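For reference, the structure discussed in these notes is given below.
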Number of protein chains: 2
Amino acid sequence: MVEIGKPLDLAAIRAGHERIRPYIHRTPVLTSERLNDASSVRLFFKCENFQKVGAFKARGATNAIFALDDATAQRGVATHSSGNHGAAVARAAKLRGIPAHIVMPSSSATVKIRAIESYGAQIVFCEPTEEAREAKCTEVIKKTGATLIHSFENEDVIAGQGTAALELLEDVPDLDLVMCPVGGGGLLSGTAVAAKSMQPNIKVIAVEPANADDAAQSFRAGRRLVTEKKFTIADGLRTNVGEPNFEIIQRYVDDIVTVSEEAIALAMRAIWETMKIIIEPSAAVPYASIFDHIIDVRGKRVGIILTGGNVDLDALPWNR
Amino acid sequence: MVEIGKPLDLAAIRAGHERIRPYIHRTPVLTSERLNDASSVRLFFKCENFQKVGAFKARGATNAIFALDDATAQRGVATHSSGNHGAAVARAAKLRGIPAHIVMPSSSATVKIRAIESYGAQIVFCEPTEEAREAKCTEVIKKTGATLIHSFENEDVIAGQGTAALELLEDVPDLDLVMCPVGGGGLLSGTAVAAKSMQPNIKVIAVEPANADDAAQSFRAGRRLVTEKKFTIADGLRTNVGEPNFEIIQRYVDDIVTVSEEAIALAMRAIWETMKIIIEPSAAVPYASIFDHIIDVRGKRVGIILTGGNVDLDALPWNR
């Protein structure tokens, strides 16, 4: 948890970057003339779809697990995650040589289950509800003494996720705007701290599926609301924003906008077809807001964090 | 045409590289630990799927069109191509500010038609047979005075295609083996000349769909055979190998092996899922021979040219 009186700062993100450097990729920043011309903008895509485990989640989980002292680490780690964070915890635990227990809904995509198994973690299946996941995870922790590595309500996880923006701004220092999606807010809070600390004049705008818009609603209300979610193809973003994350978001983020399911699918397809890279629906959410004219970025230099590339190729949005 | 007594050499490829440099991408060479481990090999993928027009064809067409003298160029260029070469000619003609006439079968994929239209070329539709294409193209040339830019039986096209291997070997000099697919043989002949000239000890192995194996059959027979083709998802490779191309192939290529349709689809999917990049079926053909244990590359350093990334996302091999 982010402790009161000890707000996350750039130094923690830089320390995290040093800590995880041997274990993660420094991912490339790609550009596309065609997408630039289509929106009269200069886009810089930070390709975390090329990251280890196929998503930025490798950063936060690796930072949190390598930050543990030896005695604590030896008792293992546990988390509940339907996907990329689970794989990231499993991989980091394997690298550190400690046990990992991953609680995931029995309805999870096969490709994600296989990925976690390949890292040798213990998978514990549960019912596909938030309550069941948390209850099962608490049970596992009680039984094993493992440490919970929460996917976003964890200071080291947030600092780790912030390293993507750190690298982006090292590579492209003169951005007007940085964008990323928001689910639990781990990436957004880390990104916001990194970006605003490195460049006080930069704008940070988050984008959320309209069908799971609790962060946008909370941002406008000025307090954290727990809202009802409809289905979204951006399955990484169904989570409610976390408490420590929302504190940071309120302080550093300039705006949170929302996009339709159709815009997400079209934006995803546009990036696949134009850039020839595979990104998951959640990763297409920021570009969807540009593609669908939700925000005006004409003439701006915009950094976008492409969060991941783990997609079930048998269930693409345009084959439904 | 490659003239007799003036065989294509590395100097022509280097000159072509200088000529096209302002107009093409120097594409990255990507690696994947997971794919390496799966086959006990070190693979270096030259990513021409990220090339302009989404395929290596941008290299050859640009070289041929910019090599024309001004008077000839002003009368325009023409070609018959169902896909990437057509787009490459259209784009290069636009860059040089001259007319382009692209003859293509009316059955061509929409995404490829749209790409060619976007470069402002004149599309001339024809029946989907080799004869109809050539007849229509001859007719267009007679009417307009345009110069034929053949997709592989053209020395400057071959030299241009060879620049992909040139860059690959500049970036990764110590390869044991270079692999690419073979259709008409433009890429293969350029690759073979570049690779063998830069590193006489390197092996060059081409891979062909078993359903369109005229080059493999010709290679074994020691003379160019025109064979009957079955359907292959590697639609860029249905063509019969060209005459000047086959001469070069006989001289420089070490072997041509074939792969099944199933292996191509599985190899394509493995690259999509593991590397998070979009490649077209033809581009997966060389890796299919490794994936399916057709050739033994254990312990070797292998360069593979990923030829392109233009795929109809509504008709993926695994959604059929």
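Taken over region B:26-184, the convex hull of the Cα atoms encloses 126 Å³ per residue. In region B:281-318, what residues drop by 30 Å² or more of accessible area when the other protein chains are put back, versus the chain on its own? Use 1.4 Å, and skip ligands and nucleic acids. With the partner chains in place, region B:281-318 has these residues losing at least 30 Å²: B:Leu313, B:Asp314, B:Trp318. The relative contact order of region B:58-148 comes to 32 percent, based on Cα pairs under 8 Å that sit 6 or more residues apart. Each other copy holds its own label point for A:Glu127; taking that point as 7 Å from Cα along Cα to Cβ, the gaps run 6.6 nm, nearest first. In this structure, the pairs whose alpha-carbon distance is over 32 Å, taken from A:Lys94/B:Lys196; B:Lys143/B:Lys230; A:Lys276/A:Lys300, are A:Lys94/B:Lys196; B:Lys143/B:Lys230.
Each principal axis of the Cα cloud of chain B was taken in turn, and the coordinate range along them, longest first, works out to 55, 45, 38 Å. Between B:Glu243 and A:Leu10, the distance separating the two model label sites (each 7 Å from Cα on the Cα→Cβ line) works out to 6.8 nm. Note: relative contact order over chain B, using C-alpha pairs below 8 Å and six or more positions apart, is 21 percent. Distances, shortest first, from the label point of A:Asn201 to those at the same position in the other copies read 5.6 nm; the point lies 7 Å along Cα to C-beta.
Reported value for the protein assembly as shown: 151 Å³ per residue, from the convex hull of its C-alpha atoms.
Springs join every pair of Cα atoms under 10 Å in this Gaussian network model of chain A, and among A:Asn84, A:Asn245, A:Asn36 the largest mean-square fluctuation is at A:Asn36.
Under a Gaussian network description of chain A, with springs only between Cα atoms under 10 Å, the residue in A:Ala206, A:Ala38, A:Ala93 that fluctuates furthest is A:Ala38. Remark: region A:1-63 carries 46 Å² of accessible area per residue (probe radius 1.4 Å; ligands, DNA and RNA excluded). Solvent exposure of region B:84-214, expressed per residue, is 35 Å² of accessible area, with all protein chains present and a 1.4 angstrom probe.
What net charge is computed for the residues neighbouring B:Val111, neighbours being all others with C-beta under 13 Å from the C-beta of B:Val111, Lys and Arg scored +1, Asp and Glu -1? Charge balance near B:Val111 sits at -2.
Summing charges over all other residues whose Cβ lies under 10 Å from the Cβ of B:Gly236, with Lys and Arg as +1 and Asp and Glu as -1, gives 0. Charge tally for A:Arg21 (other residues, Cβ to Cβ under 13 Å; Lys, Arg +1; Asp, Glu -1): +2.
Rg then Dmax, both in Å and based on the Cα atoms of region A:223-271: 13.1, 35. Solvent exposure of B:Glu139, expressed as accessible area, is near 100 Å², computed with a probe of 1.4 Å over the protein chains only.
Counted over all Cα-Cα pairs of region B:58-148, pairs farther apart than 16 Å make up 46 percent. Only protein atoms count toward the accessible area here, which uses a 1.4 Å probe; on the protein assembly as shown, the carbon and sulfur part of that area reaches 48 percent. In whole angstrom, region B:39-80 maps to an equivalent ellipsoid with semi-axes of 34, 10, 8, each derived as √(5λ) from the alpha carbon gyration tensor and ordered largest first. Region B:226-266 and region A:170-247 have Cα centres separated by 50 Å.
Calculation over all alpha carbon pairs of region A:135-214 in 10 angstrom steps from 0 returns a P(r) of 18, 38, 26, 13, 5 percent.
The distance between label points at B:Arg220 and B:Ala315 comes to 3.1 nm (points 7 Å beyond Cα on the Cα→Cβ vector). In this rough spin-label picture, where each label sits 7 Å from Cα along the Cβ direction, the A:Asn201-A:Glu134 distance is 4.3 nm. Solvent-accessible area lost on pairing A with B (1.4 Å probe, both sides summed) amounts to about 1900 Å².
Label-point distances for B:Arg75 to the equivalent site in the other copies, using a point 7 angstrom along Cα→C-beta, read 8.5 nm when ranked shortest first. Rounded to the nearest 10 degrees, what's the angle between the helix B:186-198 long axis and the longest principal axis of chain B, both from Cα atoms, 0 to 90? Once rounded, one gets 60 degrees.
The values are calculated or read from the model by the stated rules, or taken from the named source; none is laboratory data. Note that this is a predicted model, so its numbers are computed, not measured. Reconstructed Cβ throughout: ideal geometry from the backbone, glycine too, with neighbour counts over all protein chains shown. Each accessible area value is taken on the protein alone, full model and side chains, heavy atoms only, with ligands, DNA and RNA left out. Shrake-Rupley method; radii C 1.70, N 1.55, O 1.52, S 1.80 Å.
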